[in-house]
Amino acid sequence: MRILIAEDDVETAGFVRDGLGDLGHDVIVTGDGSDALNAALTDSFDLLILDRMLPGLDGLSVARRVREADLSVSVLMLTALGQIEDRVEGLDAGADDYLVKPFAFSELAARVNALGRRPPSQTITKLRAGGIEMDLLTRAVRRDGKSIQLQPREFQLLEELLRHAGEFVTRMMLLERVWDFHFDPQTKIVETHMSRLRAKLNECGLPDAIETERGVGYRIRAE
Amino acid sequence: MAFAVSLAFSLAMLLLGAAVYYASHSALSRQMDTSIQEAQTGLVSEFHTDGLAGLEEAIRQREGSGRDTLGYALFDAKGHRFAGHLNATMPHVGWATISFLDPVEGPDPARALTTRLAGGYRLLVAGDLEPVEQIDVTILSIFAVAFAGVLLIGIVGALAFGGYLRRRLARIEETAGAIVAGDLSRRMVVGPREDEFDRVAASLNLMLDRIASLVANLRQVTTDLAHDLRTPLARLRNQLETLGNQTRPGPARATVEDAVERADEVLKLFEAILRISELEQGSLRSRFAPVDLCKLIRELGETHAPLAEDTGRSLTIEAEGQCIVYGDREFIAQALINLIENAFRHTPEGTPILIGASESFQGPCAFVQDYGPGIAKHDRQRVFERFVRLEAARSSPGHGLGLSLVRAIADAHDAEIMTSGTGGLGVFLRFPPCQCSGQLDRTAKNVA
């Protein structure tokens, strides 16, 4: 992916650039909001990572102007904790996702991947990966043709994993998308429901369908 | 207290009155006895020198003088009065209180001394007791009036002073209670009179200012520390993660991954501290919206059911229908999750837990009730303070911020935290009645 990072904190910008570069992305960094807007309007990027507080033009305005220009680019906002309004404002301004600083790099990487793999339309009704099939209309789930009964939360968890098959989905992403919690309740609810889901998927001694990476998240194999 | 003092004072008055009465009465009686004795002695010596005729003459003189207040009577051996105007029957010899017939007032008591003379005659000298009685009556009535006055002043004074004391102390007590309940901004009322109470109130206020500023400093330091340490800690965490990714799977990688998890725990603690301070700054209200407590409880119940099942606890949900509060859904969820987690953490396995929400008389209310061992009454409010972990809970995980976050969230919503000790521990979050009835229709759609 071609990614533009607008971040005035040199250290954060450097570590994000290096990390994303290691993952094979093409990363350009700027420390100024107006420069970022110019680059976004003239060059073509898959993703903009915008810090909220920027010299020149603040991140929110950059996002708004990019949306006004009708560019098909994903926007990820970086916000500082302590500004409760930030998330809502960021999403209102047209950001696709947001991340509170300081963040774990694995969290950023997972979100960047998720944004890059955004499905072109939400109209798909069937998800399929790793021998697992999910029908979003009939809410039927099968593994290797065998039907599996899931609770609503387990269904939503599996749906998120299947939508991002092959990529890691973090705990925080699952909390946001399945529970609509934009905070970490610091409990084991994700782990508990995930272990239920896993037990149901792996019945009859099938190999583990869900891969867990410590400190990163969960992934369902794509093949 | 004031009553006891005025009662003691009245008793002292009563004793004093009794003493005065007794002293004056006995002094007067003694004086009368002395004059009777003297008159008797004078008359007896008259009898010895001049005989019966001399005595009669002396009595006549005395009675005629007008100055003499005593009465005289001389009886023959048969008991017939033949000299003196004192109209009385013959008494026995010696001191006695007799009754004589006053020509004006009728029968009257008198103090009398009777002496036997040679030849069977008896001489009676008596003093009218009426003056003494009159003085007694005067003293008694003066005293009664004075006593009634003192008693009245005492009672009124005690009532007024006691009431004043109680009022002042009640105000101090009420303020102290509010401060104990967590409102550190409350201060004692200082009146314009600058009396002792005002001075005490002023110095209490100085003390409270000092305590409040120390507490604020402590909070600020904690918050600043959390804030300033987060970024470097997050960098450290990310470097560790990078290191982990570059290490081949094995013990070294596991150690690095452990270190990353430890760092995450500290970051979470800092996040909780910053969240509390964010709530305390009170900018939350601007994003309040109607929230259905019943629906939230049902969601949380569903979310926590597997957790309960895994630990052998039973989780019952009582949240029928709809129960709207005006607030922030995520923060309320956070508070309820912390309460549920707390119930899970501090009760033995197999403990039944009940969560619910309902529209109570004073407003919508959500509750988490466990049927575990409970906690002592005096600890129940204390657990909602920052970093407070009861001795019994030291061995279980947690950083002691979960319940103080609940408190900060409740405060930000003007909700009241109530605890009960029936069963195990019950915590109730009572929200102010929702002023959003006009929005209900829209709300029902939003939260449905």
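Loop sites only, by DSSP: take the trypsin sites (Lys or Arg not before Pro) in chain B that have at most 11 other C-beta atoms within 10 Å and name the longest stretch containing none of them. Walk me through the numbers on the way to the answer.
Numbers: sites that count: B:ARG67, B:LYS78, B:ARG193, B:ARG394.
The answer is B:194-393.
Sorting check: for B:242-252, A:15-25, A:52-62, which peptide has the highest mean count of neighbouring beta carbons within 10 Å, and how do the rest follow? List each step's numbers first, then the result.
Details: B:242-252: 12.5, A:15-25: 16.4, A:52-62: 20.0.
Highest mean packing first, the order is A:52-62, A:15-25, B:242-252.
Compute the whole-percent fraction of alpha carbon pairs in the protein assembly as shown spaced more than 42 Å apart. Walk me through the numbers before you get to the answer.
Numbers: 116640 of 224785 pairs.
So the pairs more than 42 Å apart make up 52 percent of the total in the protein assembly as shown.
Could you list log10 I(q)/I(0) for the range B:194-246 at q = 0.18, 0.19 Å⁻¹, which the Debye formula gives when each Cα is one point scatterer?
Calculated log10 I(q)/I(0) at the listed q: -0.71, -0.74.
Counting only protein chains, not ligands or nucleic acids, how are B:HIS85, B:HIS80 ordered by accessible area (probe 1.4 Å), most first? Before the final figure, lay out each step's value.
Details: B:HIS85 145, B:HIS80 110 Å².
The ordering from most to least exposed comes out as B:HIS85, B:HIS80.
Taking the DSSP beta bridges in the range A:1-72 as the whole, what percent of them are antiparallel, to the nearest 5?
Numbers: 0 of 9 bridges.
Of the beta bridges lying entirely in the range A:1-72, close to 0 percent run antiparallel.
Determine the calculated [θ] at 222 nm for chain B from helices alone, applying -39500 (n - 2.57) to every DSSP H run no shorter than 4 residues and normalising by the residue count; nearest 500 deg cm²/dmol. Walk me through the numbers before you get to the answer.
Details: 9 runs with 255 residues, N = 448.
It comes out at -20500 deg cm²/dmol, rounded to the nearest 500.
Using R₀ = 56 Å, calculate the FRET efficiency as 1/(1 + (r/R₀)^6) where r is the Cβ-Cβ separation of B:LEU218 and B:LEU14; round to 0.05. The partial results should precede the final answer.
Details: r = 60 Å, r/R0 = 1.08.
Given R0 = 56 Å and the Cβ-Cβ separation, E is 0.40.
Taking chymotrypsin sites (Phe, Trp or Tyr not before Pro) as candidate sites, keep only those in a DSSP loop with at most 13 other Cβ atoms within 10 Å, then name the longest stretch of chain B containing none of them.
Values: sites that count: B:PHE361, B:PHE387.
Longest run free of exposed loop sites: B:1-360.
Exactly which GluC sites (Glu not before Pro) in the range B:319-374 are in a DSSP loop and have at most 15 other Cβ atoms within 10 Å?
Working: sites: B:GLU320, B:GLU330, B:GLU341, B:GLU349, B:GLU359; in loops: B:GLU320, B:GLU349.
Of the GluC sites (Glu not before Pro), the ones in loops of the range B:319-374 whose Cβ has at most 15 other Cβ atoms within 10 Å are B:GLU320, B:GLU349.
Determine the shielding of peptide B:232-244 by partner chains: average, over its residues, the number of Cβ atoms on other chains within 10 angstrom of each Cβ.
Counting other chains' Cβ atoms within 10 Å and averaging over B:232-244 gives 4.
Roughly how many Å² is the accessible area per residue of the range A:126-219, as a whole number, for a 1.4 Å probe?
Numbers: 3990 Å² over 94 residues.
Spelled out: the 1.4 Å probe surface of the range A:126-219, per residue, equals 42 Å².
Give, to the nearest whole percent, the P(r) tail of chain A beyond 23 angstrom, counting all Cα pairs.
Working: 12357 of 24753 pairs.
Percent of Cα pairs beyond 23 Å in chain A: 50.
What area, in nm² and to one decimal, does the C-alpha convex hull of the range A:2-117 cast on average over all directions?
Values: hull surface 24.9 nm².
Approximately 6.2 nm², given one-decimal rounding.
Amide H to amide H, which residues 5 or more places from B:ASN87 or on other chains are under 5 Å from it, using H placed in the peptide plane?
Sorted by chain and number, the residues that satisfy this are B:LEU101.
log₁₀ I(q)/I(0) of the range A:126-219 at q = 0.12 Å⁻¹, via Debye over equal Cα point scatterers, no solvent, to two decimals?
One equal scatterer on each Cα of the range A:126-219 leads to -0.34.
Using only alpha carbons, build the gyration tensor for chain B and give me the equivalent ellipsoid semi-axes, biggest first, whole Å.
Working: eigenvalues 2083, 115, 90 Å².
Output for chain B: semi-axes of 102, 24, 21 Å.
By how many nm would the segment from B:ALA27 to B:THR89 grow when fully extended, if each residue of separation counts as 0.36 nm and the alpha-carbon distance is taken off? Please report the intermediate quantities before stating the final value.
Working: separation 62, 0.36 × 62 = 22.32 nm, distance 2.79 nm.
Using 0.36 nm per residue and subtracting the Cα-Cα distance, I get 19.5 nm.
Ignoring ligands, DNA and RNA, please state the percent of accessible area on the range B:208-309 from carbon and sulfur, probe 1.4 Å.
Percent of accessible area from carbon and sulfur atoms in the range B:208-309: 57.
Within 10 Å of each Cβ in peptide B:262-274, how many partner chain Cβ atoms are there on average? Round it to a whole number, please. Intermediate results must be reported in sequence, preceding the final value.
Numbers: counts 0, 2, 3, 1, 0, 4, 2, 1, 2, 5, 3, 0, 2.
Per-residue shielding by partner chains comes out at 2.
Probe 1.4 Å, all protein chains in place: accessible area of A:SER44 in Å², nearest 10?
Here the residue's solvent-accessible area equals roughly 80 Å².
Find the relative contact order for the range B:49-136 and round it to a whole percent, using C-alpha pairs within less than 8 Å whose residues are 6+ positions apart.
Details: 152 pairs, mean separation 21.5, N = 88.
Once divided by the residue count of the range B:49-136, the mean separation gives 24 percent.
Using 0.36 nm times the number of residues separating B:ILE155 and B:ALA376, minus their current alpha carbon distance, what extension gain do you get? Spell out each step's value before the answer.
Details: separation 221, 0.36 × 221 = 79.56 nm, distance 4.38 nm.
Between B:ILE155 and B:ALA376, full extension yields 75.2 nm more.
From other protein chains only, count the Cβ atoms within 10 Å of every residue's Cβ in A:2-14, then give the mean. Intermediate results must be reported in sequence, preceding the final value.
Details: counts 0, 0, 0, 0, 0, 0, 0, 1, 0, 3, 4, 0, 0.
Mean partner-chain Cβ count within 10 Å for A:2-14: 1.
Probe radius 1.4 Å, ligands and nucleic acids ignored: give me the carbon and sulfur share of the accessible area of the range B:64-204 as a rounded percent.
After summing per-atom areas, the C and S share lands at 64 percent.
Between A:ALA40, A:ALA104, A:ALA209, where does the largest GNM mean-square fluctuation fall for chain A, given springs only between Cα atoms within less than 10 Å?
Between A:ALA40, A:ALA104, A:ALA209, it is A:ALA104 that shows the largest mean-square fluctuation.
Spin-label point model (7 Å from Cα, Cβ direction): what's the B:THR311 to A:ALA199 distance in nm?
For the pair B:THR311/A:ALA199, the computed spacing is 1.6 nm.
Based only on Cα atoms, what mean projected area does the convex hull of the range B:68-202 have, in nm²?
For the Cα atoms of the range B:68-202, the hull's average projected area reads 16.1 nm².
Percent antiparallel among DSSP beta bridges with both residues in the range B:272-362, to the nearest 5? Could you put the intermediate results ahead of the total?
Numbers: 4 of 9 bridges.
For the range B:272-362, the DSSP antiparallel bridge percentage is about 45.
Could you check what % of the DSSP bridge pairs in the protein assembly as shown are antiparallel, to the nearest 5? Could you put the intermediate results ahead of the total?
On the way: 62 of 86 bridges.
For the protein assembly as shown, the DSSP antiparallel bridge percentage is about 70.
Report, ordered by chain and residue number, the aspartates and glutamates lying within cross-link reach of B:LYS78, taken as a straight Cα distance under 19 Å and ignoring same-chain residues fewer than 8 apart.
B:GLU56
Give me the 1.4 Å probe accessible area per residue for the range B:76-131, excluding ligands and nucleic acids, in Å².
Numbers: 2980 Å² over 56 residues.
Spelled out: the 1.4 Å probe surface of the range B:76-131, per residue, equals 53 Å².
Could you rank A:HIS193, B:HIS378 by how accessible they are, 1.4 Å probe, largest area first? Don't jump to the answer; show the numbers that get you there.
On the way: A:HIS193 5, B:HIS378 140 Å².
Greatest to least solvent exposure: B:HIS378, A:HIS193.
Chains A and B: buried accessible surface, both sides, probe 1.4 Å, rounded to 100 Å²? Let's see the in-between values first.
Working: alone 11480 and 26130 Å², together 34260 Å².
Interface between A and B: roughly 3300 Å².
Taking only DSSP H segments of four or more residues, each worth -39500 (n - 2.57), what value at 222 nm results for chain A once the sum is divided by all its residues, to the nearest 500 deg cm²/dmol? Present the calculation step by step, with values, prior to reporting the outcome.
Numbers: 8 runs with 81 residues, N = 223.
Calculated at 222 nm, the ellipticity per residue is -10500 deg cm²/dmol.
Which residue, B:ASP328, B:ASP379, B:ASP102, has the most motion in a Gaussian network model of chain B that connects Cα atoms within less than 10 Å?
B:ASP102
For the range A:95-207, what is the relative contact order in percent, using Cα pairs closer than 8 Å and at least 6 residues apart in sequence? Numbers along the way, then the final one.
Working: 88 pairs, mean separation 23.7, N = 113.
Relative contact order, the range A:95-207: 21 percent.
Any chance you could look up the accessible area of B:ILE409 with a 1.4 Å probe, heavy atoms only, rounded to 10 Å²?
My reading of the accessible area for B:ILE409 is about 10 Å².
The values are calculated or read from the model by the stated rules, or taken from the named source; none is laboratory data. Predicted model, so just to flag it, every value in this text is computed and none were measured. FYI the Cβ positions are ideal-geometry reconstructions off the backbone, even for glycines, and counts take in every protein chain you see. When the accessible area is computed, the model is the full protein with side chains, heavy atoms only, and any ligands, DNA or RNA have been set aside. Shrake-Rupley method; radii C 1.70, N 1.55, O 1.52, S 1.80 Å.
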